[in-house]
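Written out below as structure tokens is the structure these notes cover.
Just so it is clear, none of the values below were taken in a lab; they were calculated from the coordinates. Here the structure is a predicted model, which is why all the values come from computation and not from measurement. Cβ coordinates were reconstructed from backbone atoms using ideal geometry, including for glycine residues, and neighbour counts include every protein chain displayed.
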Ligand code: 4NP
């Protein structure tokens, strides 16, 4: 990061090819449409680096494209500097949260870790399920949950900080 934005958010999932790149694209669209893209630095990363350098999964890109999202980030693993560079680090499920807590370098970093669905307005799910080994409905569910949770996240940030 070269320039410190007012709000920096890192979305994290296991592989950084399905859920977190979708969250990144959705959140960027939300803040852009609200006219405050300049205030945000938004990125995504994976717990693992198995898919490092790859575009998001082709199924995820296709389902995202149908809703107008361009998923063009490249997969990368979470690194220690992320805990210093970002204000919020948002995991998708229990596994992501416990892995992030294990990787956090200090107490301040632990306090930056959040769960995506904690920002959801529709409380039907307490995590964003991994769609990788499932069918089309799993990818649609990911987008439904992320659209709702990212909208809630944006409302939370807008209402709790003086913009
Ligand atoms: P993501 O999905 O964590 O939402 O990116 C996955 C991607 C890849 C794998 C698992 C989940 N994998 O086992 O390779």
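Key figures for this structure:
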read-out	value
Most fluctuating residue given options 15, 68, 138, as computed from a GNM of the chain linking Cα atoms under 10 Å	68
If the convex hull is drawn through the Cα atoms of the chain, its volume per residue in Å³	111 Å³
Distance (nanometres) between label positions extended 7 Å along Cα→Cβ at residue 87 and residue 123	2.6 nm
For the chain, built as a Gaussian network whose Cα springs stay under 10 Å, the top-fluctuating residue of 62, 116, 88	62
Modelled FRET efficiency - R0 35 Å, residue 136 with residue 108, Cβ distances, 0.05 increments	0.30
Over the chain, relative contact order from alpha-carbon pairs under 8 Å, at least 6 apart, %	25 percent
